[in-house]
Structure formats: C-alpha cells, structure tokens
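Structure record follows, encoded as structure tokens.
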Amino acid sequence: MSFKRKTTRQTTTTPLVSTGIHSLDDILGGGIPLSCSLVLTAPDPHSEYDQLVLKYFLAQGLASNQRICVVGSDTENWTAQCMWLPPNSARQIADTVDEDTETQSDEKIKIAWRYEQMKPFQTTVGTSSSTGATADPCCTFDLTTRIPPSVIADAVKAQDLLFLSIDGSKDNLSTTSVLKRLEEVLANGKTQTPLRVCIPDLGSPSWGDLKAHNLLHFLHCLRALLRRYPHACACVSLATEWSADHVATGWYQKLGWMSDGAITLDAFSGNPALAAAFPGLHGLLRIHTLPAPTTLVPASDRFSTLRGTGTGAGSGENNLGFKCTRKRLVFETVHLDVEGGVGERRTTAPPSAVDVQPSIASKKIVAAVVEVELEGTPSPEPVAAPVKKSRKRVGFQSDRPEVYDF
Amino acid sequence: MLSPFDLPAGILLLVTDQLSSPADFMLYRAVFAHLKAARSEKVTKAIVLSVSPDRARWAAVAAKSNIQLDQKSTTGAFNFVDVLSHKSEPDLPDVLVVVDELATLEWTGSPVLDITCFCRALAATCRKANATLLIRQHVLTPSTTEPILEDLFRTLHHMCTYHMEVLPLSSGRSGAVSGQVTLHIGPGTVRAGVKLFPRSSAIHYKLADTGALGVL
C-alpha cells in the first residue's frame with residue numbers, strides 16, 4: 001500500500017518547531033506547536049529511545065539557533081552526547097538509498113513488467129515532505145557524529161543554551177522550585193526566538209521522592225506556563241520507573257490529559273517474541289494524544305501522512321513503529337509479514353475431504369474409533385470413517401428445463 | 001439546550017468523556033449556543049470555570065463560529081475563570097456555568113472531599129439562581145476498557161439531573177466517525193419527557209474544526 005504524499009501545512013497561526021526527526025514531525029502534524037508540551041514515555045528498561053528523541057530535539061534547536069533550556073541533573077554531559085550534522089556539513093537528503101538497502105539481496109529480483117516502473121514500497125516519509133510551515137526546517141542529523149564542543153560553548157556564551165539543575169529541600173519539592181526558576185527564564189528571555197524546554201528523565205531519583213500526583217501537577221503547571229509564555233514549547237521524557245502504565249490507575253490517560261501531546265515508545269528489547277514478529281522494527285509507537293492548541297481536531301489528523309487518518313472517510317489509522325539504524329531514528333508504518341497478513345488466503349477444507357490417508361507410505365494412520373454405549377440400548381456401530389455428506393441434488397432437469405424440483 | 005438534545009434549562013448536566021473522545025466540543029457548543037441565543041447581553045451570561053488556562057483555545061474555536069469572545073468578555077456576557085485562583089458566583093438568571101477539568105484537581109493532589117464540597121456548593125448556588133450547571137469529568141479506561149468509577153464521579157453522578165457520555169466507538173477508531181454521545185437521566189430525576197439516548201441508540205459525531213459535524 002502506498003500513500004499519497006501530502007504537504008504538511010498548518011492552517012492555524014500557531015508556529016511549529018521541528019523535533020529533528022522528519023517522521024516524528026509528520027506524526028505530530030508538522031512539528032511541536034509553540035506553547036505546547038510533549039511527554040514521551042518508554043517503559044522498556046533496557047533502552048532509552050525517549051531520551052534519543054530528546055537529543056534530536058535539542059540538536060535541532062541548536063542547529064536552528066534557537067534558545068534551549070535543559071532541566072535535570074548532569075545536563076552538560078547529557079548535552080555533549082547529542083548527535084549532530086554529518087561531517088561534510090551538506091544537508092544530505094536522506095533518500096531510500098542508505099544502510100537499509102544494504103540488507104537487501106544483491107540479486108535482481110524478477111518483477112512483473114507492469115510493476116517495474118513503480119517506486120519501492122515506502123513505510124516512512126522522506127526529508128522532502130516537510131515544508132516551510134515549521135519555524136525551522138528539519139535538519140538531517142547523523143547518529144555517528146557527536147555535537148562539537150565548540151557549538152555547545154558558543155551557545156552557552158550567547159546565553160542561548162541554559163542548564164537548570166534540580167534542587168529540592170525537605171520543605172520544597174524539586175518540581176516546585178524548577179517551575180519557579182523556569183518561569184524566571186521564560187519571563188526574562190527574548191520572546192522573538194522560540195525557546196525549547198528539554199526535560200530528560202523527569203521523575204528519576206535526582207528529582208527526589210515524588211508521588212504520582214506531584215508529577216501530574218508538574219506537567220499541568222508546565223503546560224500552564226507555556227500558555228502564558230507562548231514563545232516556548234517543552235519536550236519531556238519520563239524516567240523508566242514512571243513510564244509504565246501500571247504506575248497508577250489509567251496512568252497513560254492521565255498523562256494525556258495533563259499535556260498537549262503524549263506518546264509511548266514501546267521497545268521490543270525486553271520482549272523477544274515481539275521482536276521476532278516485527279523483524280524490521282525496534283519498537284511500536286503508541287499515541288495517546290496529539291497537540292491541538294487552537295483547534296478542535298489535531299492538525300496531525302488532517303496532515304499526517306504516516307498516520308493516514310486524513311485519507312478519506314472510513315479509513316482507519318496506520319499502526320506505527322520505530323527503528324534505530326546506525327545513522328538515524330525513523331518512525332514508520334507497521335505492516336504484517338506476508339505469512340501472517342491478509343495477503344495469503346486460506347480457506348477451510350470442505351468437510352467431505354477430511355484426510356485420513358497416511359501421508360507417508362510407511363506409516364499407517366488409523367482413524368480414531370469412538371464407541372458410545374448407553375445403558376440399556378444396543379451399542380451403535382463404531383464409526384470408522386467420517387460420514388460423507390450426500391451430494392446436493394440440483395432440482396433442475398436438463399431435459400425438462402421448465403420443471404424445477406425443490 | 002444543546003441540540004439535538006432537548007434539555008431544559010436550570011439542570012445539572014454531567015458530561016463524562018475519555019481521552020480518545022474528549023468532550024471539548026460539547027462544552028464549546030453549549031456556551032456558544034447560549035451566547036448566540038441571548039436576547040440581551042446584559043442578562044445572559046456564560047461563565048467557564050476551568051482548571052486548565054486554555055482561554056486562547058476558547059477564543060480560537062469561538063472565532064470559527066463567528067463569536068468574538070474578547071468582545072463578549074468586555075461586555076460581561078462571557079467570563080473565563082481560573083478555578084485555582086478564585087471562584088465566581090453567578091447572581092443573575094439565565095446563566096450557564098461550565099466547570100471544566102475537575103479531574104485534574106483530583107489527580108494533582110486536591111482531596112476528593114474538598115472538590116466534592118465545592119461542587120455541592122456550586123450546584124446549590126446554581127439551583128438557587130436557576131442557572132444551568134455543566135460539569136465535565138474525565139473517565140479513565142485502562143487496558144480493561146471498562147471505565148473506572150472513581151469516587152468523584154460517583155458523587156457527581158448522584159447530584160446530576162442528566163448524564164451525558166461522550167464515548168469512543170466500541171469497534172475502534174474510524175475515519176468517518178469520531179465518537180458517540182449518549183444521554184441518560186440522573187438517578188434522582190423524574191422523567192419529564194426529555195428524549196434519552198441510551199448506548200444502544202447513541203448519536204455519532206464527527207469532529208471538524210468548526211465543531212461536531214452531522215449527527216449521523
């Protein structure tokens with residue numbers, strides 16, 4: 001199934017910022033709208049895909065000369081691990097000819113002539129799909145390239161990159177003090193440049209002893225803060241211990257109500273069965289809510305190519321997953337394998353054709369003999385073979401076509 | 001009030017919704033219809049008590065329905081109140097009071113008893129002033145897909161005159177239909193000829209930018 005490529009255009013006046021990942025921008029409807037918050041959860045304890053998304057978010061902000069505020073502990077080291085643009089600094093268009101094609105066979109596959117002109121089946125969007133609707137065009141980052149320390153130093157010097165550490169005392173929760181200092185940053189900064197608030201690992205032990213309602217209160221107040229200062233947006237990732245749905249009753253739904261966007265990156269690392277079922281992916285993406293700051297319907301519903309919700313009435317939503325290749329993180333649609341999908345038709349065998357013949361000549365398979373005996377009644381003859389249905393007789397007689405026998 | 005439902009004024013309507021079928025459009029519809037139907041702006045008031053400061057969204061959606069909320073605010077016909085800062089008491093007839101995001105108060109640590117007392121006091125005030133009170137309450141549906149009836153919901157349900165549910169489709173997401181709406185009578189209300197819509201004959205709606213389209 002190939003889908004029509006749509007231009008991702010926001011008709012509302014809310015400006016968008018790119019997340020640094022083309023396919024995630026598409027899923028969100030063009031990017032994260034300013035004045036909105038996006039919460040990421042990743043319940044798998046063996047991987048940190050949510051933090052990877054946050055690093056893209058930060059790198060995109062730096063590449064676009066926007067202001068960034070990183071909140072957490074050891075934020076300088078965390079920032080130094082971010083990815084950056086490829087060394088040749090040309091913004092290469094990430095086309096399908098990348099390491100994905102290395103896994104394909106080198107032999108030319110015989111394709112029927114009518115399909116030879118068709119493009120390969122696409123499961124994700126390329127870089128050309130994002131238009132100038134965002135405040136910053138999405139850069140193509142390379143996971144094999146680390147951010148140069150000079151870029152970080154220059155941004156810190158220009159006060160475009162701020163680090164907010166966590167401090168909490170016995171009387172004052174860490175979340176309360178962070179909100180207060182964040183408000184100072186938002187109030188004192190330049191309002192013409194978008195500001196990205198980046199909070200990796202919210203709820204980790206460095207945040208102190210927090211309860212579920214403390215976290216929800218923080219997210220709620222953060223959203224209120226962003227509404228008051230609409231030149232900013234926030235991307236938050238929850239610590240692993242707060243990312244599972246069983247943390248509290250209806251936890252994912254509560255997170256969805258407390259933020260503008262909430263998505264879960266459910267990696268397969270701890271579940272080999274799922275990894276085997278979806279060999280090309282590293283996890284599934286679950287969307288709980290999407291930003292709609294000034295509209296009833298999220299922009300993603302109309303503009304997202306990957307989600308496929310805008311393609312006419314009656315269409316459902318595509319399942320989405322993600323994979324991390326050597327150079328990039330990609331979100332794409334999930335499709336069942338040929339054997340498990342609807343491509344292979346299997347019809348049930350007719351009842352008269354039950355096979356009791358031995359498949360191998362040397363073996364003799366004897367049909368099971370069932371004997372039912374009731375007290376006082378003569379035992380019926382054992383059924384050695386299934387009863388064959390009598391063939392249906394058609395009432396039409398060929399020599400007398402006007403007569404029908406029903 | 002609230003077409004196609006023929007609900008009378010002066011009631012306490014409890015609107016419950018879920019994350020996959022939010023009832024924002026229902027609140028907007030109630031307020032905008034109330035403002036549009038006003039004979040005189042001095043008499044008719046719509047007050048929105050919200051825990052989430054989303055006034056900009058109200059204004060943006062209202063603009064699509066040709067209502068200028070800023071203008072209505074200056075004339076006093078529309079009042080947006082942040083519940084966490086203070087509460088306002090309606091003192092005029094023909095007032096519609098909308099309380100939004102009560103569940104947020106509970107989830108962020110406010111005691112259920114305090115919220116219940118606030119709702120009871122508000123309901124009593126609205127009943128004395130013959131004002132219509134509309135409360136939105138979120139219902140959680142974890143993986144079991146059965147809604148969890150929290151204490152706050154039970155209390156509100158006991159108080160309400162009518163209960164409107166905004167639900168997702170039981171068969172899953174569809175491109176043509178965003179969800180379904182049902183209307184039930186409150187536990188202590190006498191049947192008064194208002195047409196009810198149980199789950200078996202729920203009304204389907206599709207969300208568009210201008211509101212809920214076409215009751216299918």
* Asked: Pick from the stretch A:240-256 the residues that are facing chain B (nearest Cβ under 8 Å), open to solvent by 20 Å² or more (accessible area, probe 1.4 Å) and in a helix (DSSP H, G or I): which of them is modelled with the lowest pLDDT?
  -> A:D245
* To do: Within the stretch A:266-310, count every residue that is more than 14 Å from every other protein chain (Cβ to nearest Cβ) and part of a strand (DSSP E or B).
  => 4
* Just wondering, is there one or more residues in the stretch A:159-178 that are within 11 Å of another protein chain (Cβ to nearest Cβ), in a helix (DSSP H, G or I) and surrounded by fewer than 19 Cβ atoms within 10 Å (Cβ to Cβ)? -> no
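Which residues, counting only those in the stretch A:313-330, are modelled with pLDDT under 90 and more than 19 Å from A:F278 (Cβ to Cβ)? Step through it out loud before you land on a result.
Filtering the stretch A:313-330 for residues modelled with pLDDT under 90 gives A:313-319.
Matches in the stretch A:313-330: A:A313, A:G314, A:S315.
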* Failed condition for B:F32, given (1) in contact with a helix residue (DSSP H, G or I) (Cβ under 7 Å, 6 or more places away or on another chain); (2) more than 14 Å from chain A (Cβ to nearest Cβ); (3) farther than 24 Å from A:G261 by Cβ, with all others met? -> (2)
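Suppose we keep only residues that are farther than 17 Å from A:L296 by Cα and of a type in the set (A, V, I, L, M, F, W, C) within the stretch B:187-216. Which one would you say is nearest to the other protein chains (Cβ to nearest Cβ)?
Taking the stretch B:187-216 and keeping what is farther than 17 Å from A:L296 by Cα, we get B:187-203, B:216.
Right, trim to of a type in the set (A, V, I, L, M, F, W, C) and you get B:190, B:192, B:194, B:196-197, B:202-203, B:216.
Numbers: B:V190: 34, B:A192: 32, B:V194: 26, B:L196: 26, B:F197: 22, B:A202: 19, B:I203: 17, B:L216: 11 Å.
Restricting to residues being farther than 17 Å from A:L296 by Cα and of a type in the set (A, V, I, L, M, F, W, C), the top hit is B:L216.
Any residue at all in the stretch A:228-239 that is in a helix (DSSP H, G or I), over 30 Å from A:Q66 (Cα atoms), open to solvent by 20 Å² or more (accessible area, probe 1.4 Å) and not β-branched (V, I, T)?
Just the residues of the stretch A:228-239 that are in a helix (DSSP H, G or I), to begin with: A:228.
If we keep only those that are over 30 Å from A:Q66 (Cα atoms) as well, we get none.
No, the stretch A:228-239 has no match at all.
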* Evaluate the following for A:S23: is it farther than 26 Å from A:S174 by Cα and modelled with pLDDT under 90? => no
* Give just the number: which of (1) outside any loop (DSSP other than H, G, I, E, B); (2) within 30 Å of A:Q253 (Cα to Cα) does B:S52 not satisfy? => (1)
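Return the residue satisfying two criteria in turn: it lies in the stretch A:151-193 and is polar (S, T, N, Q) and more than 17 Å from A:H231 (Cα to Cα), and of such residues it is modelled with the lowest pLDDT. So that I can check it myself, show each step before the final result.
Taking the stretch A:151-193 as the starting set, the residues that turn out to be polar (S, T, N, Q) are A:159, A:165, A:169, A:172, A:174-177, A:188, A:191-193.
Still in the running and more than 17 Å from A:H231 (Cα to Cα): A:165, A:169, A:172, A:174-177.
Details: A:S165: 90, A:S169: 68, A:N172: 74, A:S174: 89, A:T175: 90, A:T176: 90, A:S177: 91.
The selected residue is A:S169.
For residues that are assigned to a helix (DSSP H, G or I) and closer than 17 Å to A:L164 by Cβ, scanning just the stretch A:195-207, find the one that is nearest to the other protein chains (Cβ to nearest Cβ). Break it down into steps so the answer makes sense when it comes.
Just the residues of the stretch A:195-207 that are assigned to a helix (DSSP H, G or I), to begin with: A:205-207.
Those still in the list that are closer than 17 Å to A:L164 by Cβ too: A:206-207.
On the way: A:S206: 22, A:W207: 16 Å.
Only one residue tops the list, namely A:W207.
Pull up the stretch A:208-223, narrow it to residues that are surrounded by fewer than 17 Cβ atoms within 10 Å (Cβ to Cβ) and not in a helix (DSSP H, G or I), then point me to the one that is nearest to the other protein chains (Cβ to nearest Cβ).
Here is the first cut: in the stretch A:208-223, the ones surrounded by fewer than 17 Cβ atoms within 10 Å (Cβ to Cβ) are A:209, A:211, A:213.
Cutting the leftovers down to not in a helix (DSSP H, G or I) gives us A:209, A:211.
On the way: A:D209: 14, A:K211: 8 Å.
Taking the candidates together, the pick is A:K211.
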* **Selection from the stretch A:182-217 of residues that are touching a strand residue (DSSP E or B) at 6+ places or on another chain (Cβ under 6 Å) and free of Cβ contacts under 8 Å to residues at least 40 places away in the same chain** => A:G203
* Qualifying positions in the stretch A:51-65 - of a type in the set (A, V, I, L, M, F, W, C) and open to solvent by 10 Å² or more (accessible area, probe 1.4 Å) -> A:L52, A:L62, A:A63
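The values are calculated or read from the model by the stated rules, or taken from the named source; none is laboratory data. Everything numeric here is computed off the predicted structure, so don't read it as measured data. As a convention, Cβ positions derive from the backbone with ideal geometry for all residues, glycine included, and neighbour counts pool all protein chains shown. These area figures cover heavy atoms from the full protein model, side chains too; ligands, DNA and RNA do not enter into them. Shrake-Rupley method; radii C 1.70, N 1.55, O 1.52, S 1.80 Å.
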